[in-house]
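Bear in mind these aren't lab numbers, they're just calculated from the coordinates by the rules spelled out. Values in this document were obtained by computation on a predicted structure and should not be read as measured data. Please note: Cβ atoms are built from the backbone with ideal geometry, for glycine as well, and neighbour counts cover all protein chains shown.
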Amino acid sequence: RGKQSGVVSSLQVVNEEQFVGSITLPNSDEIKQRTFSYFATQNRAVTAEDYKAICYGMPGKFGSVKRVTITRDFDAFKRNLNLYVVSQDNSGKLTLPNSTLKNNLKNWLSQYKMINDTVDILSAKIVNFGIEYEITLDLGSNKYTVINQASTALADKFSMTYDIGEPIQISDVYKTLNKVEGVMDVIDVKIVEKTGANYSGDSYDFVANLSTDNRRILAHENVVFELKFPSSDIKGSIK
């Protein structure tokens, strides 16, 4: 027994890749949606919703994906599907899935996919953004208090985890700010790209992807938006 304890205590394990399969628990709305979708799959993947539900249903011991979407690859000769996934790091920020997680997901899906389907598991493109706004105040309002309350309200609204392909609703910025006590009017709102060492590094043309009515920043099918650091990525000013 002494030799066994010596061997066990001398073991060292080094992961070649960082584990990215641990995610924060989904909220009540996510649980409701995933449960309904998984029940409808009847243990086979036919529709896009089936594939998404089965991915979310993969046991945690194999790792977990935070967001997933699937699209048809019309350039492929056969029925090829592109499955875009993104995971989460220990601090709750989005991160790219590593090869181990992708392989586990591929093996998990093989039990449920249709025999004629081929599935490519790809990393989604994480695009970090910030919000800049300019407001006017009601008479007598303290500018520091209002700016702090306005930025906090925006952080609460936009810090949720976006779905892959989900747009940024610029109109929601105006609605959120107009509800803040002390805000008389919203003069301007800008959605800006955030890049640098602490961000994902994926660039995105926000101007080219602005909707024709100027109300949304559209996302490509493989893009997921993230307001990564609300305390510094939201900037307000008073006119």
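Which FRET efficiency value, to the nearest 0.05, do you get for residue 134 and residue 80 by plugging their Cβ-Cβ distance into 1/(1 + (r/R0)^6) with R0 = 45 Å? Display every interim value, and only then the final one.
Numbers: r = 47 Å, r/R0 = 1.04.
Computed FRET efficiency for residue 134 and residue 80: 0.45.
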Note to self: From the Cα trace of the range 148-191, what convex hull volume per residue do you get, rounded to a whole Å³?
What the structure shows: 72
Note to self: Please list, short to long, the whole-number percent of alpha-carbon pairs of the range 89-175 in consecutive 10 angstrom bins beginning at zero.
What the structure shows: 11, 30, 24, 17, 10, 6, 1
Check: What percentages, rounded to whole numbers, describe P(r) for the range 88-239 computed over all alpha carbon pairs with 10 Å bin width beginning at zero?
Finding: 10, 34, 28, 17, 7, 3, 0
Margin query: For a bin width of 5 Å, list the pair-distance distribution of the range 194-238 built from all Cα-Cα distances, rounded to whole %.
Written below: 5, 16, 22, 25, 21, 9, 2, 0
Next item on the list: List, largest first, the extents of the alpha carbons of the range 165-225 along their principal axes, each in whole Å.
Entry: 37, 29, 16
